[in-house]
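Have a look at the structure below, then the notes.
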Amino acid sequence: MYLSQPSQKKSKRSALVKRILEFGYHSGLVQLGRPLWANSLTVLNYHRIDNLSPETFQPNVSALPAEFARQMEYLARWYKVVSLQTLHEWLNGGRKLPPHAALITFDDGYLDNYTNAYPILRKHGFSAVIFLTAGHIGTDTAFYWDLTAYCFAHTRLDRIPFPDGTQRCWHNEAEMQQVSYGWIESLKKLPEDEKKKWVARLPELLGVAIPDGYFKRLMMNWDQVREMSANGIEFGGHTIQHPILTRIPPERARSEISGSVARVSEELGKPVTSFAYPNGMPDDFNAATARFVQEAGCQTAFTLLNGPASLDEVRKSPYTVRRSFISHKHSMPEFSTLINPLNRLRH
Ligand SMILES: [Zn+2]
């Protein structure tokens, strides 16, 4: 999962860029320079493919199912979807990548990847990689952002203490949502053990009781993972408990990485050779974590640095591959530009 708060200055620039993009998309101009960026790798990053509900942590909804279907049609038209195996074979020098290569990835392992995305992927014959938070698969343990969304959606209170000693309150739903996002961001800054304590206190702080087994249908189970694995979907590691790897002692980061890779491999009965860093921003991985990933037997690791990447970049830095973060807030014109190598000019 990943959550960022855009600055106001950035928002103004984004509004202008958005208008230009809409024009480029509708006029077809966005595809005019295609031959210039044939040697690139677009890696799409999805989390959840689901409809929105008040109890859902909405920044993690990458696309509604109908939007996802449209996006896959767009990929089928303009890109060549490749598998992780093909990408690795190219890295090993064994084969060429097609022009306009695209790799579809999902982080965390939500059940909706199986129920909503998988049928659409199958329809197109697309492969995809799902990076699993191994300790959550087949359990009813919610991620803290999902727990936060549930508790805020059900509270009757109008304030909450923050870990920094302040107290924040809200007067309407929009303000409440902002406070809930602020709460999640403040948790991310804490050492892992302290974070866990605050997460455990959250239902009590907001006066909410969570029904037993409520989160049972949030994540996939291992049978679903195996079924997809037998039908062209590939899997990678994404830690056991989803800590931000640079906020825990190196030895723990190493075991979170190798443990998730080993668990997924054991459940599937095949080697696992790729990894995605939780949160994926520049502060969330470093040379040590990249080394741990390599030592765990992985050939590639994926970040949330803004993509797409040139093939030269991927070959040079296979442990920090860029991805295009997709959000349900993106229109089709925005989607088409985000996954286009021209997108790198925006930042
Ligand atoms: Zn994640």
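Keeping to region 177-208, report how many residues are at pLDDT 95 or above, assigned to a loop (DSSP other than H, G, I, E, B) and of a type in the set (A, V, I, L, M, F, W, C).
So the answer is 2.
Looking at this structure, is Ile160 closer than 21 Å to Phe131 by Cβ, outside any loop (DSSP other than H, G, I, E, B) and not assigned by TED's automatic domain parsing to the domain that holds Phe302?
No: the conditions fail for Ile160.
Please go through region 115-145 and give me each residue that is touching a Pro at 6+ places or on another chain (Cβ under 6 Å) and among the aromatic types (Phe, Trp, Tyr), ordered by number.
none
Residues checked against (1) at pLDDT 95 or above; (2) assigned to a loop (DSSP other than H, G, I, E, B); (3) outside the structural domain of Tyr277 (by TED's automatic domain parsing):
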{"site": "Leu3", "(1), (2), (3)": "no, yes, yes"}
{"site": "Pro6", "(1), (2), (3)": "no, yes, yes"}
{"site": "Leu16", "(1), (2), (3)": "no, no, yes"}
{"site": "Val43", "(1), (2), (3)": "yes, no, no"}
{"site": "Pro54", "(1), (2), (3)": "no, yes, no"}
{"site": "Ser62", "(1), (2), (3)": "yes, no, no"}
{"site": "Glu67", "(1), (2), (3)": "yes, no, no"}
{"site": "Arg77", "(1), (2), (3)": "no, no, no"}
{"site": "Thr105", "(1), (2), (3)": "yes, no, no"}
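Yes/no matrix, rows are residues, columns are (1) assigned by TED's automatic domain parsing to the domain that holds Gln85; (2) at pLDDT below 95; (3) within 16 Å of the ligand (Cβ to nearest atom):
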site: Gln224; (1), (2), (3): yes, no, no
site: Ser229; (1), (2), (3): yes, no, no
site: Pro243; (1), (2), (3): yes, yes, yes
site: Thr246; (1), (2), (3): yes, yes, yes
site: Pro250; (1), (2), (3): yes, no, no
site: Ile257; (1), (2), (3): yes, no, yes
site: Ser265; (1), (2), (3): yes, no, no
site: Lys270; (1), (2), (3): yes, no, no
site: Phe275; (1), (2), (3): yes, no, yes
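Does region 117-128 contain at least one residue that is touching an Asp or Glu at 6+ places or on another chain (Cβ under 8 Å) and either within 21 Å of Phe302 (Cα to Cα) or at pLDDT below 95 (or both)?
Scanning region 117-128, I find at least one residue that is touching an Asp or Glu at 6+ places or on another chain (Cβ under 8 Å) and either within 21 Å of Phe302 (Cα to Cα) or at pLDDT below 95 (or both), so the answer is yes.
Output the qualifying pairs, or none if there are none: Cβ atoms under 9 angstrom, residues six or more apart or on different chains, first residue in region 315-328 and in the same structural domain as Leu75 (by TED's automatic domain parsing), second residue of a type in the set (Lys, Arg).
So the pair list comes out as Tyr319/Arg291; Arg322/Arg344; His328/Arg48.
The values are calculated or read from the model by the stated rules, or taken from the named source; none is laboratory data. Quick caveat, the model's predicted, so the values are computed rather than measured. Neighbour counts are summed over all protein chains in view; Cβ atoms, including those assigned to glycine, are modelled from backbone coordinates with ideal geometry.
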